[in-house]
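Right, one structure below, let's go through it.
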Amino acid sequence: MKSKKKPAFDAQAFLDSAGVAKKVAEFRRKETIFSQGDPSTNIMYIQKGGVKLSVVNESGKEAVVAVLGPGDFFGEGCLAGQPIRMGTATAITPTTALVIQKNEMIRVPHAEHALSDRFISFMLARNIRIEEDLIDQLFNSSEKRLARTLLLLARYGKQDHPQRVLPKVSQETLAEMIGTTRSRVNFFMNKFRKLGFIKYNGGLQINNSLLSIVLHE
């Protein structure tokens, strides 16, 4: 007898069903949501748009550690007792996020036991993806990093359609996200377009075939 497949975690339904007190915040493109060193008092959930998480070392060099989109939480370090933000969160497109106070989010798993396990699994999967982002930054070429970033922004694997129109993201922003120059991004974007991996048609459309760049040795 086959076991029933565990339902996918629906973060918005989780927040609604648990009766979480929250407020909606709107952020402009390139607006700082919180900065490294700020008090860590809340967790956020992205409803629309995109957010990059970055850290800056003592010499002022910035590294992007994650690119997040709709359905992702961020700022969860406060739940683990972090008193200050360990990195900076910046909106990469116009972004709408739910802001949930730390004490409220701590209450939820105790009130909704049926959903708490799935929430924990969801957060662990998110952390695994951030580790993959770090490995990507350390070991992959800028071409692979760009391809992977475009797929993540297009929510690859989270929709049935082979193509998806991305919100407007400038080449300068993409360059910052993957740690290269705008000219290199422009070169690779033109290459991807000629190969049919992307196209411009009322916005930037990403074809799942772009995955071949990521998988290519």
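Tabulated data
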item	result
Elements of type helices (runs of 4 or more DSSP H) in segment 98-217, at least 2 residues being among the charged types (D, E, K, R) and at pLDDT 75 or above	102-111, 142-153, 171-178, 182-194
First in segment 80-92 and more than 11 Å from Asp38 (Cα to Cα), second anywhere and modelled with pLDDT of 90 or more and part of a helix (DSSP H, G or I), Cβ under 6 Å, 6 or more apart	none
Residues (surrounded by fewer than 16 Cβ atoms within 10 Å (Cβ to Cβ) and either in contact with a strand residue (DSSP E or B) (Cβ under 9 Å, 6 or more places away or on another chain) or charged (D, E, K, R) (or both)) located in segment 80-93	Pro83, Ile84, Met86
Wholly enclosed strands (runs of 3 or more DSSP E) of segment 24-77 bearing at least 1 residues among the β-branched types (Val, Ile, Thr) and open to solvent by 50 Å² or more (accessible area, probe 1.4 Å)	32-34, 51-56
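The values are calculated or read from the model by the stated rules, or taken from the named source; none is laboratory data. Values in this document were obtained by computation on a predicted structure and should not be read as measured data. As a convention, Cβ positions derive from the backbone with ideal geometry for all residues, glycine included, and neighbour counts pool all protein chains shown. The area values use the complete protein model at the heavy-atom level, side chains included, leaving out ligands, DNA and RNA. Shrake-Rupley method; radii C 1.70, N 1.55, O 1.52, S 1.80 Å.
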